[in-house]
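See structure below.
The values are calculated or read from the model by the stated rules, or taken from the named source; none is laboratory data. This structure is a prediction, so every number in the text was calculated from the model and none was measured. With ideal geometry, Cβ positions are generated from the backbone for all residues, glycine too; neighbour counts draw on all protein chains shown. The area values use the complete protein model at the heavy-atom level, side chains included, leaving out ligands, DNA and RNA. Shrake-Rupley method; radii C 1.70, N 1.55, O 1.52, S 1.80 Å.
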Amino acid sequence: MANPFDNAMKQLDQAAEIIGDNDRLEELRKPNKILQAEIEIDMDDGTKKKFPAYRVQYNNNCGPYKGGIRFHPKVDLDEVKALSFWMTIKTAVVEIPMGGGKGGIEVDPKQLSQTELEKLSRGFVKEFYKDLGPDKDVPAPDVNTNSQIMDWMVDEYGKLTGKPQPAMITGKSIEAGGSLGRATATADGGFFILKEIVKELGVLPEDLTVVVQGYGNAGANMVDLMYNAGFKVIGVSDSKNAVIDPTKQGFDTNIIKAIKQNHGSLDVCIGNETDKCQIVHDAMPPHKILEADADILVLAALENQITEENVKEIKARFIIELANGPITPEADQLLNDRGMLIIPDVLANAGGVTVSYFEWKQNMENQKWTEQEVKEKLKPIILDAYNNTRDVARKHNISLRTAAFVSAIKKVCLTGE
Ligand code: NAD
C-alpha cells in the first residue's frame, strides 16, 4: 500500500515545479510537532488494553492547528501526518484563519462497547490536552468519530482545565455548542462545486449518472443532495458491499438510506428486485463501485482507492474527492493524461473544515447562526476557492489539484511572498 505521506510530498513536489522551491516551502515538508501515546483503558471484561494514538500538529502559520480525529484499525503515523499536511493546504485553499493538524487512534471502534468507546475518547484528551485548546489546536470528527465522541472530549477537556471551553473542538452536538449545518457541510461544499461545473459544462443533472464510494457522513449526505437535485445515483458502497443498478435508471436513494439505517450496512438488495440491482459481496477493496460505468464517481471512503493497478478500469468522466487522498499520485497522473476532470480533496471536501471554523467562531464569540446563515456563508467561500483554483489551473495548464496547492502555498500567511 502506498505511503500516504509520500503521496502527499509528491503532490507538493508538483506544486514546487510551478512555484520554485524555497526555504518557506521546505518548511511544509515536515510537521511542527508529533504527539504520540498508548491509551490504556479498562475493558468491560476486566482486562486492560492499549491503543496507539497520534496527534500531528503540522503547521500553524495561518492559525490554530485544525483537523479531525480518526478511529480506524489501520491508522498509523504516516497516515496522520499526510492528513495533517492536507489540512494545512486545505485551510489555506479556503482562506480560513486556521492551520493544519490531524489525530487518530488505531482501533476498530465497532469492536468496543459504548462505555469502552467513551473511555478511549476521554483517554485521547487526557493524553494530549496540554497541547489542545481554542487558540492552539482544535480537533473535529473524521472517519468513525462523531458528535457524541466530540461531546465526551469537550467535557473531558473542561474537567481537566477547570472550565468549559466549547471552542476547543468542533463537530459537537448542537446541545454541546455544535453548529447547525456542520453535519452536511462536507457534502454541501462538494455539491456547490459540482453544480458550478455542471453549469459550466451546460448539462442537466438528469442526464448524469453517479456512483458514490463510501456511505458515511460525507458520502451519504452527498447522495441525498445529488438525488434531490435530479442526478441519477446508480451505485453506492460501504466497507462491506457495493450496490449497483445495472439498468442505470437510478435508485430511490431514500430506500438505500433506510437499508443502511435498518441493517447497518448495504447488505440487502433494494426491494429484493434482483433484476434491478446486483449485490456485490466482499467488496473490500470495492473495485466494483470504482469500475462502474457512470458519468461521475464520488470518492468518500479512504486513501489509496485508485492506484496504478485499477486506474485502467475507471470509466467515469469526472471524479469528486470527498475523501482525503483517495487517488495515488501515479494514478492521478494517468487520469490527468486521459483528460479526466478531478475535483481534488483539498477543495472538494473543504466545506467540512470551513463550517468547523464557523463553529469555533460562534463558540469564541458566543453566537448561534441559523442553518441558512451557515450555508449562505459557506457557498461564496467554496465557490471563490473553486474559481480561483480553476483560474490558476488554466493559467499554468495544470490539474486542479496542483493548482489548489499552488494557490494555497502562495497565501501570505502560509508561505507567501
Ligand atoms: P464515516 O466514518 O462517516 O464514513 C466512511 C464510509 O466509508 C463508511 O460508509 C464506510 O463503510 C466506508 N468505507 C470504508 N472503507 C471502505 C472501502 N474500502 N470501500 C467502500 N467504502 C468504505 O467517515 P466520513 O466522515 O464520511 O469520512 C469519509 C472520508 O471523507 C474520509 O477520507 C475523511 O477524511 C473525509 N472527510 C470527511 C469530512 C467530514 O466532515 N466528515 C471532512 C473532510 C473530509
Heavy-atom surface of the range 159-262, accessible at 1.4 Å and reported per residue (Å²): 40
query: For the chain, which whole percent of the accessible surface, found with a 1.4 angstrom probe, sits on carbon and sulfur atoms?
result: 48
task: Among 413, 205, 43, flag the residue with its Cα farthest along the positive direction of the charge dipole of the chain, charges on Cβ as +1 for Lys/Arg and -1 for Asp/Glu.
output: 413
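What size of dipole, in debye to the nearest 20, comes out for the chain about its Cα centre when the only charges are +1 on Lys and Arg C-beta atoms and -1 on Asp and Glu C-beta atoms? Numbers along the way, then the final one.
On the way: 49 positive and 62 negative charges, 167 e Å.
Using only the charged Cβ atoms, the result is roughly 800 debye.
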statement: Mean shadow area (nm²) of the C-alpha convex hull around the range 179-250 is 5.1
field: Between the range 304-379 and the range 188-267, the alpha-carbon center distance in angstrom
entry: 15
field: Whole-Hz ³J(HN,Hα) from phi, Karplus 6.51 cos²θ - 1.76 cosθ + 1.60, for the range 332-345, glycine and proline x
entry: 4, 4, 5, 5, 4, 4, 7, x, 5, 8, 10, 8, x, 3
task: Please turn the phi angles of the range 229-245 into ³J(HN,Hα) values with the Karplus equation 6.51 cos²θ - 1.76 cosθ + 1.60 (θ = phi - 60°), one per residue in order, whole Hz, x for glycine and proline.
output: 8, x, 5, 8, 7, 10, x, 9, 9, 10, 5, 9, 9, 10, 10, 10, 9
field: Within straight-line cross-link reach of residue 312, aspartates and glutamates at Cα separation under 13 Å, skipping those fewer than 8 residues along the same chain
entry: 291, 293, 330, 332, 337
task: Can you tell me the order of 5-11, 67-73 when each peptide is scored by its average per-residue count of other Cβ atoms within 10 angstrom, highest first?
output: 67-73, 5-11
message: Working only with C-alpha atoms, what are the Rg and Dmax values of the chain, expressed in angstrom?
response: 20.5, 62
Calculated FRET value between residue 229 and residue 27, using beta carbons and R₀ = 41 Å, to 0.05: 0.50
query: Under a plain spin-label model, where a point goes 7 Å from the Cα along Cα-to-Cβ, how far apart in nm are residue 263 and residue 367?
result: 4.5
- prompt: Hey, could you pull the Cα Rg and Dmax for the range 185-348, both in Å?
  reply: 14.5, 43
